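What follows is a single structure, written as structure tokens, with notes after it.
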Amino acid sequence: MSVRVAVLASGGGSNLQALLDAFNEVPDAPARIALVISDRESAAALERARAMDVPAHLVPVSGRSEAEVASDTLELLERHAIGLVALAGYLRLVPAAVIRAYAGRIVNIHPALLPAFGGQGMFGARVHQAVLASGARVSGPTIHYVTEAYDEGRIIAQWPVPVLPDDTPATLAARVLLVEHRLYPLVIAALALGEVPRDSELQEASFHWRAVAAPDAAEMIHLIQPSTLH
Ligand code: GRF
């Protein structure tokens, strides 16, 4: 049986679309997007979900207490029997009660190589501006467990992407986003199949990376394997 995944998104939802395409019309997929939640009514992510018959709900955040947002969110996650939560461009801090309820089962994708270029206020173009300003030659997405602090949960996977000399924040963002669309489905599938160590186990894990060659590039996916736990 596939794991029912909820995606939380505030914006365009291209990562959501990559997950929908990877799982929702694929027989025997290990995961299925079963719910989409957004804090913004205008989020294209809601439209993308509805277009594929996935329940899509608005949970407003502005002007509401954390307890109200948590209660609405938890009610939806429970009603849809969600086993795994994936943040994909969700620009709000997830209420602590939700993180506790889904501890070890809630992940985020960030468009830079954490622990650098993360934290509060580091989203969208600002991330890529900071990477370019630093002179870094490599960037790329990070997928990590979500904790109560922005971008600080343990890292599950990263995919390095070159920074080119004439990059602007927009060109770098586009190059990273293409890789995000490939990495997120791989990691969600691995999580659904129980192939990723749980958050608490990562603390003890001796990091050892499995490299998976991308079919069309020299880039590599770095994915922590449970077999490396001693
Ligand atoms: C992505 O770059 C993701 O890493 C970041 O927000 C962006 C969302 O893009 N957290 P999209 O809405 O999935 O197109």
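General observations
- Every condition in (1) under 29 Å from L58 (Cα atoms); (2) modelled with pLDDT of 95 or more is met by M122 except one, and the failing one is (2).
So that you can scan it fast, the table gives a plain yes or no per residue for (1) modelled with pLDDT of 95 or more; (2) among the polar types (S, T, N, Q):
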| site | (1), (2) |
| --- | --- |
| E41 | yes, no |
| V54 | yes, no |
| H57 | yes, no |
| S65 | yes, yes |
| E75 | yes, no |
| L84 | yes, no |
| L93 | no, no |
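- Residues that are exposed (fewer than 15 other Cβ atoms within 10 Å of the Cβ) and closer than 30 Å to R137 by Cβ do occur in region 107-115.
- Every residue from region 120-139 that is in contact with a helix residue (DSSP H, G or I) (Cβ under 6 Å, 6 or more places away or on another chain) and closer than 19 Å to A157 by Cβ: S139
- Output for region 135-190, where each listed residue is of a type in the set (A, V, I, L, M, F, W, C) and under 10 Å from the mean Cα position of the chain (by Cα): I143, V146, L183, V187, I188
- Any hit, region 3-23, residues being assigned to a loop (DSSP other than H, G, I, E, B), away from the ligand (no atom under 13 Å from the Cβ) and touching a residue at least 12 places away in the same chain (Cβ under 8 Å): no
- Qualifying residue in region 32-47 (condition: in contact with a helix residue (DSSP H, G or I) (Cβ under 7 Å, 6 or more places away or on another chain), farther than 21 Å from L76 by Cα and more than 13 Å from the ligand (Cβ to nearest atom)): no
The values are calculated or read from the model by the stated rules, or taken from the named source; none is laboratory data. Everything numeric here is computed off the predicted structure, so don't read it as measured data. All Cβ positions, glycine included, derive from the backbone under ideal geometry; neighbour counts span all protein chains shown.
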